[in-house]
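What follows is a short report on a single structure.
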């Protein structure tokens, strides 16, 4: 069972790094050469200084994280100020990264193009941000709480959907139709629309499908004609399959620089993340948004439309960062920063618009890396802001007694609003719970984003129920209702994901230890069965039980064997998922998931029935107190296994996830 939880933890890390798509703001790279408490002077933002700084930062971070290559682009005042490649685009050949020609996969940065397309049709009067999306579809999204889903909900990640992962990214998709992917399964709506930030690839893909239906053009063709070509993004595409001219320029993707190159990732839900683009092409897109829709002599959005995208804030966890119309807010040092992060399995990117400073920063790396590529992009934007846009710290203070009380109130386990709820991905919500803890120094740790070293960050309270990283920018906040903390989040993700207090029956703080203990009891029972049989055989003895008591003895031990087999099947399935192409394999082999769930059902629920029958037989027969105690322990243990299987969505028998 310990192996199972370790495997689940690895899967959760992979799942999160692949689809979180946040903008981590790691500890500041601000210079420490100034005297304590004194703010370093801003450096001039010009090509020479930026290149010198990046040349000191990027190679070291690529080496530390074992990342093969990266591209960084800086734009300022409507011009490309700096574009540079680092490392290699192909480890085998040693080909360097060329910012003008090497293609990268920006992942969910692609959504900014989808939202731009939506806003083009909004300004033409063909779409409304507040109409029921069903009015634009050829299939129906079921209602929840009497509220429909709108494009505004999609752009602010508040449609209330659970996560949809199956066939999202696939190197060898059986069906590349966006419409078919959307219609095969509508994820369950687990929150009322507009109430809860829960990042939704499905809703982004749905928005792109609406663009295609309303415009009468396939989504990739629409973006090509109305965004890419007008912006001279000639080395970029959303097409599925990707054109050969684009594939020929693509960087390879890597788990890390020591591993073999991975197959080209196809995002079947194309509007959610299938863009391939060079660094220079992304510069053109940044310039257009920084100039309110204008690039050169081309206007892809009216100024008022662009400003609406950039200045319509949804903030459901104030005072933490929120989200504009499709653009995440990542403000630093008092400067407004909007943009988007993006992750596939192997490429990790970030686009940041210092919207009031007319400056844009784009970074993309071609490897997941051994230290987590997300920390690199977070450190990059944080260091960039501290170097060129420093600002004094004006945080307030909270008295020690209040801070201690608030730390006590916020401590506990929380479940991500972004995740699976109606299928086996609910298991990630159990084992991947966020645990907020109080530290001896009065700070709290919110381990959503650890330090590059892997250590949790310590946060000190700066205002009621608002904490800040003691060594960086990141804030963490709590929502209080009825005198209790019910929800937490951080600046990094507050616009797209929150964490709700785990109800007692799902709280991993007791559920996981209890499940592990129960499994140990069941495992000892399964192992002891053949051992005791061999001992009896060596002495020529027979089982001293007969009738109902003998049947119960054998049934509960068969249940124990089935439970151990169920744990083994889970370990096997999740071990496959953590490997290259694991989710793709599972998506193509529905029988494997159903078989695992069947074995788990027999081992947990079937074992519980057998254990209760055995307990009844022991208590109503002539049995020793040891037998009665063990029978009771077995019943409680199987109850915990069945509880865990139910909580983890392992008894749903669905192949949708």
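The values are calculated or read from the model by the stated rules, or taken from the named source; none is laboratory data. None of these values were measured; they are calculated from a predicted model. Neighbour counts run over all protein chains shown; Cβ positions are idealised from the backbone, glycine included.
Scanning segment 362-372 for residues that are modelled with pLDDT under 95 and either part of a helix (DSSP H, G or I) or crowded, with 18+ Cβ neighbours inside 10 Å (or both) yields a count of 3. Take the conditions (1) without any contact (Cβ under 8 Å) to a residue 40 or more places away in the chain; (2) under 19 Å from residue 485 (Cα atoms); residue 410 misses just one of them, which is (1). Among the residues of segment 606-629, those that are over 23 Å from residue 431 (Cα atoms), in a helix (DSSP H, G or I) and in contact (Cβ under 8 Å) with a residue 60 or more places away in the chain comprise 613, 614, 616, 617, 618. Of the residues 137, 121, 129, 112, the single one that is assigned by TED's automatic domain parsing to the domain that holds residue 306, under 30 Å from residue 311 (Cβ atoms) and surrounded by 23 or more Cβ atoms within 10 Å (Cβ to Cβ) is 112. Given the criteria surrounded by 13 or more Cβ atoms within 10 Å (Cβ to Cβ), in contact with a helix residue (DSSP H, G or I) (Cβ under 8 Å, 6 or more places away or on another chain) and part of a helix (DSSP H, G or I), does residue 550 qualify? Against the criterion (surrounded by 13 or more Cβ atoms within 10 Å (Cβ to Cβ), in contact with a helix residue (DSSP H, G or I) (Cβ under 8 Å, 6 or more places away or on another chain) and part of a helix (DSSP H, G or I)), residue 550 does not qualify. Every test in (1) assigned to a helix (DSSP H, G or I); (2) at pLDDT 95 or above; (3) crowded, with 19+ Cβ neighbours inside 10 Å is passed by residue 415 save one, and that test is (1).
For segment 340-356, a residue qualifies if it is part of a loop (DSSP other than H, G, I, E, B) and either more than 28 Å from residue 44 (Cβ to Cβ) or free of Cβ contacts under 8 Å to residues at least 40 places away in the same chain (or both), and the qualifying residues are 344, 345, 346, 347, 356. I'd like to check something: does segment 373-380 contain any residue that is outside any strand (DSSP E or B), within 21 Å of residue 77 (Cα to Cα) and either without any contact (Cβ under 8 Å) to a residue 60 or more places away in the chain or in contact with a strand residue (DSSP E or B) (Cβ under 7 Å, 6 or more places away or on another chain) (or both)? The answer is yes, given that some residue of segment 373-380 is outside any strand (DSSP E or B), within 21 Å of residue 77 (Cα to Cα) and either without any contact (Cβ under 8 Å) to a residue 60 or more places away in the chain or in contact with a strand residue (DSSP E or B) (Cβ under 7 Å, 6 or more places away or on another chain) (or both).
Residues in segment 475-485 that are over 18 Å from the mean Cα position of the chain (by Cα) and surrounded by 14 or more Cβ atoms within 10 Å (Cβ to Cβ): 475, 477, 478, 479, 480, 485. Just one of the numbered conditions (1) closer than 24 Å to residue 82 by Cα; (2) assigned to a loop (DSSP other than H, G, I, E, B) is not true of residue 319: (1). Would you point out the residue of segment 383-396, among those that are modelled with pLDDT under 95 and in contact with a strand residue (DSSP E or B) (Cβ under 7 Å, 6 or more places away or on another chain), that is farthest from residue 101 (Cα to Cα)? In this case the residue turns out to be 396.
Let's see how each residue does on (1) within 28 Å of the chain's Cα centre (by Cα); (2) at pLDDT below 95; (3) farther than 23 Å from residue 270 by Cβ:
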residue	(1), (2), (3)
59	yes, no, yes
67	yes, no, yes
76	no, no, yes
102	yes, no, no
120	no, no, no
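So, residue 353, is that one in the same structural domain as residue 110 (by TED's automatic domain parsing), at pLDDT below 95 and over 14 Å from residue 108 (Cβ atoms) or not? No, not satisfied.
Counting the residues of segment 644-657 that are in contact with a helix residue (DSSP H, G or I) (Cβ under 7 Å, 6 or more places away or on another chain) and closer than 17 Å to residue 429 by Cα gives 7. Set side by side, the residues 595, 555, 639 differ, and just one is surrounded by fewer than 15 Cβ atoms within 10 Å (Cβ to Cβ), in the same structural domain as residue 520 (by TED's automatic domain parsing) and modelled with pLDDT of 95 or more, which is 595. Consider segment 565-588 and keep the residues that are more than 20 Å from residue 426 (Cβ to Cβ) and either crowded, with 21+ Cβ neighbours inside 10 Å or modelled with pLDDT under 90 (or both). The one that is farthest from the chain's Cα centre (by Cα) is 588.
When the test is whether a residue is in contact with a strand residue (DSSP E or B) (Cβ under 9 Å, 6 or more places away or on another chain) and either modelled with pLDDT of 95 or more or closer than 23 Å to residue 129 by Cβ (or both), residue 232 passes it. Here residue 454 passes the criteria (1) touching a strand residue (DSSP E or B) at 6+ places or on another chain (Cβ under 6 Å); (2) modelled with pLDDT under 95; (3) at positive phi except the one numbered (1).
Quick check on segment 477-496. Is at least one of its residues without any contact (Cβ under 8 Å) to a residue 60 or more places away in the chain, in contact with a strand residue (DSSP E or B) (Cβ under 7 Å, 6 or more places away or on another chain) and within 23 Å of residue 160 (Cβ to Cβ)? Checked against the condition, which is being without any contact (Cβ under 8 Å) to a residue 60 or more places away in the chain, in contact with a strand residue (DSSP E or B) (Cβ under 7 Å, 6 or more places away or on another chain) and within 23 Å of residue 160 (Cβ to Cβ), segment 477-496 yields at least one hit. So, of the residues in segment 301-316 that are in a loop (DSSP other than H, G, I, E, B) and surrounded by fewer than 21 Cβ atoms within 10 Å (Cβ to Cβ), which turns out to be farthest from the chain's Cα centre (by Cα)? The selected residue is 302.
Once segment 140-152 is narrowed to residues that are modelled with pLDDT of 95 or more and surrounded by fewer than 24 Cβ atoms within 10 Å (Cβ to Cβ), the residue that is farthest from residue 273 (Cα to Cα) is 140. The residues of segment 268-300 that are crowded, with 23+ Cβ neighbours inside 10 Å and assigned to a strand (DSSP E or B), listed by number, are 276, 277, 278.
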